[in-house]
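This report concerns only the one structure given below.
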Amino acid sequence: MTTGRPPQSHLAETGSVRDLIGKMLDYESAAARQGVDLDNGRFKMLTAAEQRNLRAELIADYVRLSSSNTGKTPAYFEKALTGFCDKVCALEVPSHELIGTYLAAFEIAIDRDFDWLQAVVRKTIIDVLVNCVEVLRKKADGAYMSAA
């Protein structure tokens, strides 16, 4: 779809990409410290059809989560963020699947030409990865209480 913008306009800045990769590595390290093998976790035990359904669910959840990350309803966003990260951590979703979720959500924002959604989708992935690391850390410390 042509949006009238240069093709590079939707790409994150180099610093953002480095931050994203760093947060992905933090998530993977936190999972490993918890004894979670993201390459062979619960997500990998699902059938191909179940994985496709879960991917679609994660994308929809991520778009909803991102759309609430505007600063207008911080309490709602925090609760939704905790719920999303609880799901991701419980299912032991690999970081590359999370990034796929982010990219699919970003593509939805681009296709609809929603500049505001592109911005919040971009910033929400860092929030998700940081919060997932915190969930895993608290679980390792035995101090985690789910928001559900």
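The values are calculated or read from the model by the stated rules, or taken from the named source; none is laboratory data. Small disclaimer: the values here were computed from a predicted structure and weren't measured. In this analysis, Cβ positions are derived from the backbone assuming ideal geometry, glycine residues included, and neighbour counts consider all displayed protein chains.
In the stretch 42-82, what residues are more than 12 Å from the chain's Cα centre (by Cα) and of a type in the set (Lys, Arg)? Scanning the stretch 42-82 gives 42, 44, 52, 72, 79. For first residues located in the stretch 37-55 and closer than 13 Å to residue 98 by Cα, partners that are surrounded by 14 or more Cβ atoms within 10 Å (Cβ to Cβ) and lie 6+ apart or on another chain with Cβ distances below 6 Å form the pairs 38/31; 38/92; 38/94; 43/91; 43/92; 43/93.
Among the criteria (1) among the hydroxyl-bearing types (Ser, Thr, Tyr); (2) surrounded by fewer than 20 Cβ atoms within 10 Å (Cβ to Cβ); (3) closer than 22 Å to residue 20 by Cβ, the one residue 62 does not fulfil is (2). Per the listing 82, 47, the residue uniquely at pLDDT 95 or above and closer than 24 Å to residue 138 by Cβ is 82. So which of 78, 92 is touching a Gly at 6+ places or on another chain (Cβ under 6 Å) and either in contact (Cβ under 8 Å) with a residue 24 or more places away in the chain or surrounded by fewer than 17 Cβ atoms within 10 Å (Cβ to Cβ) (or both)? One residue alone meets the criteria, 92. Taking the conditions (1) loosely packed, with under 14 Cβ neighbours inside 10 Å; (2) touching a residue at least 40 places away in the same chain (Cβ under 8 Å); (3) under 21 Å from residue 33 (Cβ atoms) in turn, residue 113 satisfies each one other than (3). Please state which of the following conditions residue 85 fails to meet, knowing it meets all the rest: (1) over 9 Å from the mean Cα position of the chain (by Cα); (2) part of a helix (DSSP H, G or I); (3) within 19 Å of residue 35 (Cα to Cα). With respect to (1) over 9 Å from the mean Cα position of the chain (by Cα); (2) part of a helix (DSSP H, G or I); (3) within 19 Å of residue 35 (Cα to Cα), residue 85 is out only on (1). Of all the listed residues (78, 92), the sole one being of a type in the set (D, E, K, R) and assigned to a helix (DSSP H, G or I) is 78. On the given criteria, is residue 124 modelled with pLDDT of 95 or more, β-branched (Val, Ile, Thr) and at negative phi? Spelling it out, it is not the case that residue 124 is modelled with pLDDT of 95 or more, β-branched (Val, Ile, Thr) and at negative phi.
Scanning the stretch 95-106 for residues that are surrounded by 17 or more Cβ atoms within 10 Å (Cβ to Cβ), touching a residue at least 60 places away in the same chain (Cβ under 8 Å) and not polar (S, T, N, Q) gives 98, 106.
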